[in-house]
Each structure stands twice: as structure tokens, then as C-alpha cells.
Amino acid sequence: TGLTTDTPTHVYVHKYQLFFSFAASAQHSAPGTPHVCSAIVGAAELGIGDTITGFKSLPGSGTTGTLAIFSRNSTHILYGTGVANWQLLKYRDDLGAYAYTIQDTGQTMFLDDKGITTLSAAQAYGNFITNSVSFRVSPWLNTQRTKVAASCVVGDKSQYRLFFSDGYAAYLTFLGSKVVGVTPILLT
């Protein structure tokens, strides 16, 4: 790969291929062989143009799943099953994700500059729809977003949780795909 260090920021499995992020580069192994990163057998590199902040598999059109490649300021969708038919399309130029905030709650949820946002499959053009769900705590979240350190989903409580480096957290509770509350919390 020509990299001086072999320390990716994000690692993800999609379509039996291991994906890695190195700054604005998404690289993947050959199908079914995560230890083989040779273009001769199906590995490749995809340039995104912005620092990659995470990956997430999404339902695609028909029976083909897709891969969302989030960067700090934009989102790309990778269609296809492998290097022979990959099609990388920019989904949104104005919608990205902070690193370590991308989670699956039945829909993809993440923190962006617009707040906590969902990305889900739709019948509309482009196959996906986004929705900001944290408008009730936007002023507080705007002061916290650059301090985000981690996230998780607590399934038995139907919560998406964000954790910040200053000891605060945000707990978003949902019922199905509907948000029923967002609570800022100071963890001590």
C-alpha cells in the first residue's frame, strides 16, 4: 500500500472484505482473505477527499447492501459487491460524522455538526434519507460536539449514548425509529 505505518484509524468488515481507513483513504482486502491486500486478487483503495471517521453497512437498493463511508464533512455510499463493480457515490457534501459516534439503532445514528442524525433506507431517490433528531438540546450539543470521545447503544433501554471528554454524556431514548427524549448527563 505504500504506507509508512500500518495503523489504520478505523477497521470494518463489509461484503467479506476488511476495510481500513488511513486519513482520506479507504483500503480493503481481497474478498474472504482479510490478510491479503493485493490488487491482483481484489483489494483496492478508494480516495474520499476528507478524513474518514467511520464505516457502516446499510441496506441498499434491491438485495444489494451498501457501505456508508463517513468523513468529517461528507458521506459517501459504496454500491456493489467488490472491486469489479464498486460504484462510489457522494451522498451528501454537507453531512459527515464525528469519529466513534456511528451506531446501529435499527437505523444508522451518528453525531454531525447538525446534531444527532439518522440515516435510513428510503424508497426516495438516492435510497436513503437523513433526519436530525436532537433539536431539543442543540445549543448544549453544539458546545459539546468537538469533545465527543465514544458512543454506544444500550438495546434493553432503547438508548443511543454519546460520551464526551469533559465527563458529560447525552442519552437519546427512542421507541422504534421515533425519538422520545434526549438527556444531557454529567457522569461523576
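The values are calculated or read from the model by the stated rules, or taken from the named source; none is laboratory data. Model, not experiment: these values are computed from the prediction. Because the Cβ atoms are built from the backbone with ideal geometry, glycine has one as well, and the counts that use them run over all protein chains shown. Surface areas here come from the heavy atoms of the whole protein model, side chains and all, with no ligands, DNA or RNA. Shrake-Rupley method; radii C 1.70, N 1.55, O 1.52, S 1.80 Å.
Gly181 meets each of the listed conditions (1) open to solvent by 40 Å² or more (accessible area, probe 1.4 Å); (2) farther than 28 Å from Ser21 by Cβ; (3) in a strand (DSSP E or B) apart from (1). Applying a threshold of 8 Å to beta carbon distances and a minimum spacing of six or more residues, or different chains, the list of pairs starting in the range 33-58 at a residue that is closer than 14 Å to Phe19 by Cα and ending at one that is open to solvent by 40 Å² or more (accessible area, probe 1.4 Å) and basic (Lys, Arg) reads Thr53/Arg72. Among the residues making up the range 121-171, those that are at pLDDT below 90 and crowded, with 17+ Cβ neighbours inside 10 Å are Asn127, Phe128, Thr130, Val133, Ser134, Val137.
Of Gly65, Gly54, Gly49, all but one fail to be open to solvent by 60 Å² or more (accessible area, probe 1.4 Å) and either within 18 Å of the chain's Cα centre (by Cα) or within 17 Å of Ile129 (Cα to Cα) (or both); the exception is Gly49. Check the range 93-103 and report whether any residue there is part of a strand (DSSP E or B) and of a type in the set (Asp, Glu). No, the conditions are met nowhere in the range 93-103. Looking only at the range 1-25, residues that are modelled with pLDDT of 85 or more, more than 22 Å from Ala150 (Cβ to Cβ) and aliphatic (A, V, I, L, M) come to 2 in all.
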